[in-house]
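Student: Below you'll find the structure I mean.
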Amino acid sequence: MKKDIPFEKVKDVAVAIVKETTENESNPEWSVYLVNLKDVPLEGVIVSSKGYGELENGEKVKTSQLRQLFERVERNDYVKIEPIDSSLFKLSNEFWVSFWIGKDIFDKKYVFVTESITEKNFTEIPILKKRGVMIK
């Protein structure tokens, strides 16, 4: 059972949403990245993503749940999880990340709450060397 599995506390692993540099600044592209700030690789990484929330008219919305598998994310490296449409920033966007380091399993939920993905919240994303919103 899940309660019998000892999950270790996640440190030095981040999820970042980044505004990509494109020729069309009126309709920018956005991407979600997993950033490994550790000095060891992550193995068997599973990322589950979904969006949920309520629109201005009170309608409850849930997006499809997507799952990605990355066999390995090298130390001090990153992987692109998926592109994300800026219309989803009106919702909370959740990324559940699970991975192995050696024989230990790690698990953490990263939630970008409604309207948190804005340029006023941008920071420099380490390793990626781009600006965006990051949860560590």
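The values are calculated or read from the model by the stated rules, or taken from the named source; none is laboratory data. Being a predicted model, the structure only gives us computed values, none of them experimental. Reconstructed Cβ throughout: ideal geometry from the backbone, glycine too, with neighbour counts over all protein chains shown.
Student: Condition check: in a loop (DSSP other than H, G, I, E, B), more than 24 Å from Thr123 (Cα to Cα), modelled with pLDDT under 95 and not aliphatic (A, V, I, L, M). Does Glu23 satisfy that?
Tutor: The answer is no for Glu23.
Student: Name the residue that is surrounded by the most Cβ atoms within 10 Å (Cβ to Cβ), counting only residues in segment 25-70 that are among the polar types (S, T, N, Q) and closer than 18 Å to Ser98 by Cα.
Tutor: Once the filter is applied, the top-ranked residue is Asn36.
Condition check ((1) touching a residue at least 12 places away in the same chain (Cβ under 8 Å); (2) out of contact with any Asp or Glu (no Cβ under 7 Å at 6 or more places or on another chain); (3) farther than 15 Å from Ile135 by Cβ) across all residues:
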{"position": "Glu29", "(1), (2), (3)": "yes, no, yes"}
{"position": "Lys38", "(1), (2), (3)": "yes, no, yes"}
{"position": "Asn57", "(1), (2), (3)": "no, yes, yes"}
{"position": "Glu74", "(1), (2), (3)": "yes, yes, yes"}
{"position": "Asp77", "(1), (2), (3)": "yes, yes, yes"}
{"position": "Lys109", "(1), (2), (3)": "yes, no, no"}
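Student: I'm trying to understand the selection: among the residues of segment 106-130, which are surrounded by 15 or more Cβ atoms within 10 Å (Cβ to Cβ), out of contact with any Gly (no Cβ under 8 Å at 6 or more places or on another chain) and assigned to a strand (DSSP E or B)?
Tutor: Phe106, Asp107, Lys108, Tyr110, Phe112, Lys130
Student: In segment 71-96, what residues are at pLDDT below 95 and either surrounded by fewer than 17 Cβ atoms within 10 Å (Cβ to Cβ) or of a type in the set (Lys, Arg) (or both)?
Tutor: Asp85, Ser86, Ser87, Lys90
Student: Lys103 versus (1) surrounded by 12 or more Cβ atoms within 10 Å (Cβ to Cβ); (2) farther than 23 Å from Arg131 by Cα: which is the lone unmet condition?
Tutor: Of the numbered conditions (1) surrounded by 12 or more Cβ atoms within 10 Å (Cβ to Cβ); (2) farther than 23 Å from Arg131 by Cα, the odd one out for Lys103 is (1).
This table checks each residue for (1) touching a Ser or Thr at 6+ places or on another chain (Cβ under 8 Å); (2) under 16 Å from Lys136 (Cα atoms).
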position: Gln68; (1), (2): yes, no
position: Tyr78; (1), (2): no, yes
position: Ser86; (1), (2): no, no
position: Leu91; (1), (2): yes, no
position: Phe99; (1), (2): no, yes
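Student: Still on this structure, I have one more. For residues that are part of a strand (DSSP E or B) and either over 16 Å from Asp12 (Cα atoms) or of a type outside the set (Ser, Thr, Tyr) (or both), tally how many sit in segment 77-101.
Tutor: 16
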